[in-house]
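Written out below as structure tokens is the structure these notes cover.
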Amino acid sequence: MALLVTYGALALFFAIVVFILQRSYVADRNFTDFAVAGRSFGGFYQAMAFLNTGLPGFVFLGTFGFIAREGVVGIGFSTLLAAIVMYLMADRVWTWGEKYNLRTQPDLMALRFDSNAVRLVAASLGIFGLMPWMVLGMQSLGAVFYALSLGQLSFSMAVLLGVVVMALRQIWTIRMGMRGIIISDLFQGTVAYLLGSVLIVGLIVWLYADGATLHALPARKLAFPGPDTPKPLLFFSLTLLPLLAYLCWPDLFIRLYTGSGVESVKRSSAYLGPIGLVFVMSLAYLALLASNRADVLANPDAGWFTLAMAAGGPLVLALAGVTVFAASMGNIDATVQSIGAQVANDVIGAIRREPLGERGLMITSQIVMTITTTVAAVIASLPLPALFTIGLFAIQVMVQLSVPLYFGIFTRAGNKQGAVAGMIGGVATVCVLQITWPLGIPWAYGLTTGALGLIVNLFIFVVAHLLVPRTEAERERLDALFGQESMHPPVTSQIMEHHS
Amino acid sequence: MRLPPVVKLWFFADVLLALWPQAHWSMRGFDPAFGLPLALVYAYGTGAFIALSVIVAYLSQRKTRGAAD
């Protein structure tokens, strides 16, 4: 009976998502429809899609567990600060996107630096960064199915079940592209973050009623690592890196294109502030408050489910499972779509002598999405203990996009030589350091490898800017791009011609 | 559309408050007024300060746009 409640809730949620998708199906007319939903969605849709991509189910498991184990150092401001970054980018990115028909993040970087090499390197970093997290997302679902099986399934069987369900879900992602993702994100996001917040607050009240108190926690859990510790800059680094990386995630960045205008993107940022604040901070509070319980400490990564079961039995456990399921689903959908769009548009489309047409791009995307889903499903079913380490490594690599991306959007500084060499130099630095120091480098006061990679990356970018003289044609092209002249930049047109 | 100077300053203060190591290091012990750990008071205060800044930015620009229309 209990199993009927827990798995029944998951089945009901899945059925509602499929029903919504079936009811809202509209055939995509072209690749712009498929990749950025025809730039047609309002602020609340955008906000939910952003959260559903940026805060995957892993937040309820890994982030909860990290805070329960390590304390306040695990609390992050990056989601809230990312709303500011998105707000500041909205004018330029949406306007360029609409004017030059940009459909992916590498599209914008190729336009800004007038280089297909920048496009290829950016796409490679983005795809490499996304793939491990897609596998981790599928495995998170395994944790959901395991917890909700109440001991009836082995962990490997639960992972397999999660992978099969998520692979099945991708039929609609592949068929409907970005429009399907955003429509389903509204429902999934509401369940994961609004219903999730209500559940979190309920569990906090229950813990207090049960006698829990923050005063009982060890002092180290209630303070950030200070100058007297081996890693005094760990919290700084754990805040800065995710913040810089946030808009580097290609699947998050294209939220700036899917809005119906600059206004809707900015409105979504305004929604993100309060919704993100309530959700992120209340989850952190819950994890801290529960972190003295023996049952949570026994397996902190499953603490969310442990608390739900203890508080309300199978019914509350089912609700907790549905929130993680909803959050994971949105993230995996966006990842699959983003990999498909980038491989078609920025790898195959850029390498081919003859540009792919709109239909060619759509079909190629769909084939790549099918292959990606299959490969990720197979990898997720294998016992790979180092996968989370690979996921962390992928973030350190992907954050190297931030130098050319942010300088490229907010300033006219830099050139294609610096952008390409800087990203490659940053990645090489990360690769060398990551082998020895996967989390925080003691001789660098706890900075992560990505932060040191960024220093190298930035240095190369600035040196190239100073050493390589800018031609008159390039100056005129940038003037036109940044809106100082009305002429259409001729070289930009060549780089972007496969979109016309 | 240009941001009002006060919003620019607010955004700058957001980043400073969230990233300044001295601010992190000084948050030890419990707040005598609320009985909450200072690290949490800092985290919630900073979070609310950041969230409010984006709302104010959006509303102020919408107001300016409305006046221009």
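All of the numbers you see were taken from the coordinates with simple rules; none came from a lab. Quick caveat, the model's predicted, so the values are computed rather than measured. Neighbour counts run over all protein chains shown; Cβ positions are idealised from the backbone, glycine included.
Of the options A:A216, A:Q188, B:A13, report the single residue whose Cα projects farthest towards the positive end of the charge dipole of the protein assembly as shown (beta-carbon charges: Lys, Arg +1; Asp, Glu -1).
Farthest along the dipole direction, towards plus: B:A13.
Considering only C-alpha atoms, what is the centroid distance from the stretch A:329-408 to the stretch A:28-54, in Å?
For the stretch A:329-408 versus the stretch A:28-54, the Cα centre distance is 17 Å.
What percentages make up the Cα-Cα pair-distance distribution of chain A when the bins are 20 Å wide from 0?
In whole percents, the pair-distance histogram is 24, 57, 18, 1.
Would you mind giving the three semi-axes, in whole Å and largest first, of the ellipsoid equivalent to the stretch A:272-412 according to its Cα gyration tensor?
After scaling each eigenvalue by five and taking roots: 38, 21, 16 Å.
Give the relative contact order (percent, whole number) for chain A; include only Cα pairs under 8 Å separated by 6+ residues.
29
Could you please tell me the mean projected area of the C-alpha convex hull for the stretch A:334-428, averaged over all directions and given in square nanometres to one decimal?
If I average the Cα hull's projected area over directions, I get 8.2 nm².
Any idea what angle helix A:472-481 forms with the longest principal axis of chain A, computed on alpha-carbon atoms, 0 to 90 degrees, nearest 10?
Tilt relative to chain A: about 50 degrees.
Can you compute the modelled spin-label distance between B:R65 and B:L17, with each label point 7 Å from Cα toward Cβ, in nm?
Each label point lies 7 Å from its Cα, and together they span 2.5 nm.
Among A:W443, A:W304, A:W172, B:W20, what is the fewest-to-most ranking by other Cβ atoms within 10 Å?
Least to most surrounded, the residues fall as A:W443, B:W20, A:W172, A:W304.
Please report, in cubic angstrom per residue, the volume enclosed by the convex hull of the alpha-carbon atoms of chain B.
Enclosed volume per residue, from the Cα hull, is 85 Å³.
Is there a simple number for the mean count of other chain Cβ atoms within 10 Å of the Cβ of residues in A:255-264, and what is it?
Other-chain Cβ atoms within 10 Å of each residue's Cβ, averaged: 1.
Based on the Cβ-Cβ distance from A:T471 to A:R353, what FRET efficiency comes out when R0 is 22 Å, to the nearest 0.05?
Efficiency, rounded to the nearest 0.05: 0.25.
Which order, highest average first, do A:189-201, A:5-17 follow once you tally other Cβ atoms within 10 Å for each residue and take the mean per peptide?
A:189-201, A:5-17
Tell me the mean residue ellipticity at 222 nm calculated for chain B from its helices only (DSSP H runs of n ≥ 4, each -39500 (n - 2.57), averaged over every residue, nearest 500).
-25000 deg cm²/dmol
So if each residue of separation counts as 0.36 nm, and I subtract the Cα-Cα distance between A:A219 and A:A294, what length gain in nm does that give?
Gain on stretching A:A219 to A:A294: 25.2 nm.
Can you sort A:H215, B:H24, A:H465 by how many other beta carbons sit within 10 Å, fewest first?
Neighbour counts put them in this order, fewest first: A:H215, A:H465, B:H24.
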